[in-house]
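Below is one structure, written out as structure tokens; the observations come after it.
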Amino acid sequence: MDQYTLTLGLPHTNHRGLGEHLLMMHAGHFHWLAIASAVGRPLSELRTLSGGPVYATFYFIEEHIPDGTPLEHFGLDDRLRFAVWLRGFKGIVVEGQMLFDREERLRAALEGGEPRCPERLKAAHPFIRFANIFITPEAGNNRLRVAPPANADFSGLAVLPPDENPYHLTKQAEESGVLGLLDGWERADGGASATRIEAIDPDRDTNGAGLVYFANYFAFMDSAERHAMERCAGRRVFTRNDIATRTVRQRRVAYYGNVGLDDSVSTEVSLFLRDDRPQAFGCRYVIRRAEDGAVICRSEAVKVIPA
């Protein structure tokens with residue numbers, strides 16, 4: 001287990017407190033640091049057999065945010081602790097399970113030095129699951145090829161059993177279009193999904209590897225979701241306050257590709273409701289790149305509107 005601390009400031013927060021896409025930037029960074037520590041070298045040094053660059057790209061992310069510790073619970077000057085447990089699969093996949101909370105709460109919970117992320121703590125502390133696969137650019141941002149790094153040793157990682165690899169869930173969602181969070185929910189928008197098109201901004205949306213940053217997909221989805229809520233004319237009319245105060249409780253994200261820096265993405269959002277959760281609503285997102293219409297990301301989220 002690796003542990004990291006972060007004191008929240010303006011770069012990590014928005015008008016609701018800790019911002020989801022901003023959290024992903026920093027949590028993802030700690031996940032990458034943990035991988036680098038495990039393999040004994042910075043990830044920027046990873047190379048293919050032929051010397052090409054290798055990147056640990058995300059293909060699956062899952063969040064569980066307990067009702068008692070929502071993201072808006074964390075604000076300026078809070079000192080957070082992140083704990084990361086890694087597992088690997090055949091030197092090509094690394095899974096990270098992460099808990100975070102205010103430093104004093106998480107430190108007390110982890111006093112026993114847990115060898116694996118404890119199930120008992122996931123109900124009390126925010127939890128993120130990351131899954132990375134190693135890739136190399138084949139023809140720019142939008143053409144990525146799986147490529148195991150030739151200069152890294154993953155033998156020190158705990159083994160990720162094949163049946164626990166989220167690749168299976170990602171692959172199933174590619175075919176079915178669903179990620180399993182909204183089973184039993186009903187459409188709130190009368191079947192009229194809303195789509196928002198956004199051009200990639202190379203100065204805003206890229207990372208140091210020159211790729212469109214995985215965390216920016218969360219911002220694309222948030223923007224399209226606001227658009228869908230404003231236009232919703234089905235079973236539920238969302239107010240300005242609903243839109244302003246909504247907050248995530250669960251999310252799954254599956255990535256299937258990336259997008260060129262001179263391209264655009266279209267994000268389609270469908271909204272869902274459940275009669276037994278009147279303060280909650282669900283979102284299903286499909287992100288396509290304009291170049292060829294290929295689906296490059298799917299996501300489902302459960303959000304709540306605080307009473």
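Odds and ends about this structure:
- Where strands (runs of 3 or more DSSP E) sit wholly within segment 219-307, those with at least 3 residues that are among the charged types (D, E, K, R) occupy 247-255, 280-289, 295-304.
- The C-beta contact set for segment 174-192 (first residue not assigned by TED's automatic domain parsing to the domain that holds Met229 and modelled with pLDDT under 95, second residue in a helix (DSSP H, G or I) and among the aromatic types (Phe, Trp, Tyr), distance under 7 angstrom, 6+ apart or interchain) is empty.
- Top-ranked residue in segment 29-83 [being closer than 27 Å to Val304 by Cα and of a type in the set (A, V, I, L, M); ranked as farthest from the chain's Cα centre (by Cα)]: Leu76
- Residues of segment 178-203 satisfying the condition of being loosely packed, with under 13 Cβ neighbours inside 10 Å and in a loop (DSSP other than H, G, I, E, B): Gly180, Asp183, Gly184, Gly190, Gly191, Asp201
- Residue match in segment 204-212 (condition: in contact with a Lys or Arg (Cβ under 9 Å, 6 or more places away or on another chain) and surrounded by fewer than 22 Cβ atoms within 10 Å (Cβ to Cβ)): no
- Residue count for segment 99-127, restricted to those that are more than 18 Å from Leu23 (Cα to Cα), out of contact with any helix residue (DSSP H, G or I) (no Cβ under 8 Å at 6 or more places or on another chain) and in a helix (DSSP H, G or I): 6.
- The C-beta contact set for segment 281-295 (first residue touching a residue at least 40 places away in the same chain (Cβ under 8 Å), second residue buried (at least 20 other Cβ atoms within 10 Å of the Cβ) and of a type in the set (Asp, Glu), distance under 9 angstrom, 6+ apart or interchain) comprises Gly282/Glu300; Cys283/Glu225; Cys283/Glu300; Arg284/Glu300; Tyr285/Glu225; Tyr285/Glu300.
- The selection criterion, being without any contact (Cβ under 8 Å) to a residue 40 or more places away in the chain and surrounded by 16 or more Cβ atoms within 10 Å (Cβ to Cβ), holds for Arg226.
- Here is the figure for segment 121-147: residues that are at pLDDT below 85, out of contact with any Lys or Arg (no Cβ under 8 Å at 6 or more places or on another chain) and not β-branched (Val, Ile, Thr) total 7.
- Picking from residues in segment 67-118 that are at negative phi and of a type in the set (Gly, Ala, Ser), the one that is surrounded by the fewest Cβ atoms within 10 Å (Cβ to Cβ) is Gly112.
- Scanning segment 50-77 for residues that are among the hydrophobic types (A, V, I, L, M, F, W, C), more than 19 Å from Phe154 (Cα to Cα) and in a strand (DSSP E or B) yields Phe60, Ile61.
- Matching residues, segment 1-34, being surrounded by 18 or more Cβ atoms within 10 Å (Cβ to Cβ), small (Gly, Ala, Ser) and assigned to a loop (DSSP other than H, G, I, E, B): Gly19
- Filter pass, His31 being out of contact with any helix residue (DSSP H, G or I) (no Cβ under 7 Å at 6 or more places or on another chain), at pLDDT 95 or above and under 19 Å from Leu157 (Cα atoms): yes
The values are calculated or read from the model by the stated rules, or taken from the named source; none is laboratory data. Please read all numbers here as calculations on a predicted model, not as lab measurements. All Cβ positions, glycine included, derive from the backbone under ideal geometry; neighbour counts span all protein chains shown.
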